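Asker: Just dropping this structure here.
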Amino acid sequence: MNQIDLQNRTAVVTGGAQGIGRAVAERLIASGAEVMLWDADRGRAEATAEALGCSFVETDVSDWDRVRSAAARTHATLGKIDILVANAGISGPNMPLAEYDPAEWRRIMGINLDGVFHCCKAIAPLMVEAGYGRIVGTASIAGKEGNPNASAYSASKAGVIALTKSLGKELAGHNIAVNCITPAAARTAIFDQMTEDQINYMLSKIPRERFVTVEEVAGMVAWLASEENSFTTGGVFDLSGGRATY
């Protein structure tokens, strides 16, 4: 594992209790950062925080008031927030768009897209005030190419890509880098929300003929969250195993 220097840096990782979020938190801690997990699953977040030796805040990223409160609490605890990894997300059901329940559409957008907006809205001003920050959003290859029977998920992740490009330009003059990643699927609990046909479809599209590992994702995020990433902002970093066409 390459050593990335995050000594004296503080980080928030949303959806940090499991899957990609947990792997990212573990890699940031190994690189020297002090990490605060944000997750809606209190029990799982508490167990992960204890295992990793970090702290957590129970919050729902789809709720602006709770995110604002979590940001204030985190800032008071850590003293600053240098890094935001906006990772929390759900896949939602797999079905044709015509059959999609509007309430499910709103729920997916609320977590996957509104959640990133809320976290950036709460934390970016603190970074501007400090004159430093690194924001990394978890989008998806589905946000680039679209997956059939996953219109809400695909649209929400495309929104994360667009938000990244917009905010990256807004904050470029403040020593704040805003980038996102577009991974192919990783074998995490999110697979429990998908049909086997959907999982097989995603695998069939990956030239490397396997799913990405959470450790591979964490390695890229750690670099994007580092001071060494000093020029690129508004960027979209591919982790699709060769699937991406642009």
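The values are calculated or read from the model by the stated rules, or taken from the named source; none is laboratory data. Note that the structure is predicted; figures quoted are calculated from it, not measured. Here the Cβ is made from the backbone with ideal geometry for all residues, glycine too, and neighbour counts use every protein chain on show.
Asker: Would you pick out the residues in segment 204-216 that are assigned to a loop (DSSP other than H, G, I, E, B), surrounded by fewer than 18 Cβ atoms within 10 Å (Cβ to Cβ) and not polar (S, T, N, Q)?
Answerer: Lys205, Ile206, Pro207, Arg208, Glu209, Arg210, listed by residue number.
Asker: Now for a different question. Which one of these is closer than 26 Å to Ser31 by Cβ, among the aliphatic types (A, V, I, L, M) and surrounded by fewer than 17 Cβ atoms within 10 Å (Cβ to Cβ): Ala172, Ala184, Ala177?
Answerer: It is Ala172.
Asker: Assuming Arg134 fulfils every condition listed in (1) assigned to a helix (DSSP H, G or I); (2) under 21 Å from Gly21 (Cβ atoms) apart from one, which condition is it?
Answerer: Single failed check for Arg134: (1).
Asker: Whether any residue in segment 57-66 is hydroxyl-bearing (Ser, Thr, Tyr) and in a loop (DSSP other than H, G, I, E, B) is what I want to check.
Answerer: Yes - at least one qualifying residue is present in segment 57-66.
Asker: Scan segment 97-111 and tell me whether some residue there is surrounded by fewer than 16 Cβ atoms within 10 Å (Cβ to Cβ), in contact (Cβ under 8 Å) with a residue 12 or more places away in the chain and among the hydrophobic types (A, V, I, L, M, F, W, C).
Answerer: There is at least one residue in segment 97-111 that is surrounded by fewer than 16 Cβ atoms within 10 Å (Cβ to Cβ), in contact (Cβ under 8 Å) with a residue 12 or more places away in the chain and among the hydrophobic types (A, V, I, L, M, F, W, C).
Asker: While we're on this one: Within the set of pairs 6 or more residues apart or between chains, which connect a residue that is among the aliphatic types (A, V, I, L, M) and assigned to a loop (DSSP other than H, G, I, E, B) inside segment 217-246 to a residue that is surrounded by fewer than 18 Cβ atoms within 10 Å (Cβ to Cβ) and modelled with pLDDT under 95 with Cβ atoms less than 6 Å apart?
Answerer: Pairs found: Ala244/Asp238.
Asker: Consider Pro96 carefully, then state whether it is modelled with pLDDT under 95 and more than 25 Å from Ala222 (Cα to Cα).
Answerer: It is false that Pro96 is modelled with pLDDT under 95 and more than 25 Å from Ala222 (Cα to Cα).
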